[in-house]
Amino acid sequence: MDPISAALLGSIATGAGGEAGKALWLRLTDLVRRKAQDEQAQPPVLSTGELELACLDEDPHAPERAQALSEALMRRAEQDSAFRAGLTQWHQQAQALRTGDGETSNTISGGTQKGPVLQGRDFSGINFNGPGQS
């Protein structure tokens, strides 16, 4: 299983993705709080991730807290196969959500641009119609 990036966890914890992001955060919370199903077959998990989840929820803008949660989730996934399956499914859903992390590539070629040109990613609330324009 690939590690879950601290950037992704931090983005979802800060509310990126609107309602979909909130739902993902709640699903992760439920998953982390679930008891291990194969506790008898495996040694006890050092950390369930609950403390790290609560710390990130308390301060979602702290990258070190997001990293701590990422590490705790990976350790638990290594020891609990049912948790790993649930976390893998959650991670696939979370990656489909655009949270503002990642790369962008902007290219303008040929022609003449008459008017504003913005290059970037995930713009919202932009209006090019100034006073007297329609």
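The values are calculated or read from the model by the stated rules, or taken from the named source; none is laboratory data. Here the structure is a predicted model, which is why all the values come from computation and not from measurement. Heads up, the Cβs are rebuilt from the backbone with ideal geometry, glycines too, and the neighbour counts pull from every protein chain shown.
Residues in segment 12-42 that are small (G, A, S) and at pLDDT 90 or above: A13, A23.
If you go through segment 96-118 and keep only what is surrounded by 10 or more Cβ atoms within 10 Å (Cβ to Cβ) and at pLDDT below 75, you end up with R98, T99, G100, D101, G102. Going by the structure shown, is Q89 in a helix (DSSP H, G or I), at pLDDT 75 or above and surrounded by 14 or more Cβ atoms within 10 Å (Cβ to Cβ)? For Q89, the condition - in a helix (DSSP H, G or I), at pLDDT 75 or above and surrounded by 14 or more Cβ atoms within 10 Å (Cβ to Cβ) - is not met.
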